[in-house]
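Readers should treat all values here as calculations from the given coordinates under stated rules, not as data from a laboratory. Only a predicted model underlies this, so the values are computations on that prediction, with no experimental measurement involved. Here the Cβ positions follow ideal geometry from the backbone for every residue, glycine too, while neighbour counts run over all protein chains shown.
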Amino acid sequence: MALSYRSIAKQYGYDESTIRQSWAKKGMPDPKSSTELEVRQWIVTNILNPLRDTDTQEQIQRERLRKLTAEAEQAEISVRQCMDELIEITVVQNELSAFLKRIRDHLRTIPNKTYLELFEQEKAIDIKRVLQSRIDEVLNECGRFNYEPPQEENNKEDEYTEDKEDN
């Protein structure tokens, strides 16, 4: 009888999708292209032996510890976010996208700003020098990037200081 995912699932009492997805990702040889002996040895070594060797209570305790560790890490992340020690990825992505767009836009203005000066140059080395200096100017201009908190927070701070000044 040819070995297939379905026959393995029936023989070992697992769902076929578990065999196809989980076991295959763990490195199980493809039943269609491997010998039955190779597949069965892999199953014994990687699936059955670990089940025999672990105590159920021990496994439950390990999973509880893993869950508690994950919860503690999540709580730590939440605290660090509240203390403004962490920045959300979307904020960083948006700021970085805006910064790179600004660089791109500035670099695209170089030809319009320097074409007359480039035509005045007689040698290729002079053209290169002009272009290098203009590119350096644009990059220095764009390089003055500093992260600022979102505008809403600045507005709240401004309102607070205005209220203080009114009193």
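Net charge within 15 Å of residue 6 by Cβ-Cβ distance, Lys/Arg positive one each and Asp/Glu negative one each, not counting residue 6 itself? Write out the running numbers ahead of the final one.
On the way: positive: 10, 20, 32; negative: 15, 16, 30, 36.
My count for the surroundings of residue 6 gives -1.
Please get the size of the charge dipole for the chain, origin at its Cα centre, with Cβ charges of +1 on Lys and Arg and -1 on Asp and Glu, quoted in debye to the nearest 20. Each step should come with its number before you reach the end.
Values: 25 positive and 34 negative charges, 361 e Å.
My answer is approximately 1740 debye.
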(message) Using only the alpha-carbon atoms, what does the chain span along each of its principal axes? Please give whole angstrom values in decreasing order.
(response) 83, 66, 22
(message) For the stretch 100-128 and the stretch 62-81, what is the centre-to-centre distance using only Cα atoms, to the nearest Å?
(response) 53
(request) Once you've got the GNM for the chain with C-alpha springs shorter than 10 Å, pick whichever of 120, 58, 71 has the biggest mean-square fluctuation. (result) 120
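Charges only on Cβ, +1 for Lys and Arg, -1 for Asp and Glu: so what's the dipole of the stretch 1-50 about the Cα centre, in debye to the nearest 20?
So the dipole magnitude of the stretch 1-50 works out to roughly 80 debye.
Using only alpha carbon pairs under 8 Å that are at least six residues apart, calculate the relative contact order of the chain and give it in whole percent. Kindly include the intermediate steps, with their values, before the conclusion.
On the way: 48 pairs, mean separation 20.0, N = 167.
Relative contact order comes out at 12 percent.
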(request) In a Gaussian network model over the chain where Cα atoms closer than 10 Å are linked, find which of 98, 72, 124 has the largest mean-square fluctuation. (result) 124
(message) As I understand it, the dipole of the stretch 59-105 uses +1 on the Cβ of Lys and Arg and -1 on the Cβ of Asp and Glu, about the Cα centre. Which of 87, 72, 60 lies farthest toward its positive end?
(response) 60
(request) Rank 11, 61, 74 by mean-square fluctuation in a GNM of the chain with C-alpha springs under 10 angstrom and give only the top-ranked residue. (result) 11
(request) Go ahead and collect, in residue order, the members of the stretch 1-20 whose backbone nitrogen is under 18 Å from a label point 7 Å along the Cα-Cβ direction of residue 35. (result) 1-4
(request) Report the far tail of the P(r) of the stretch 1-53, meaning the percent of Cα-Cα pairs longer than 18 Å. (result) 20
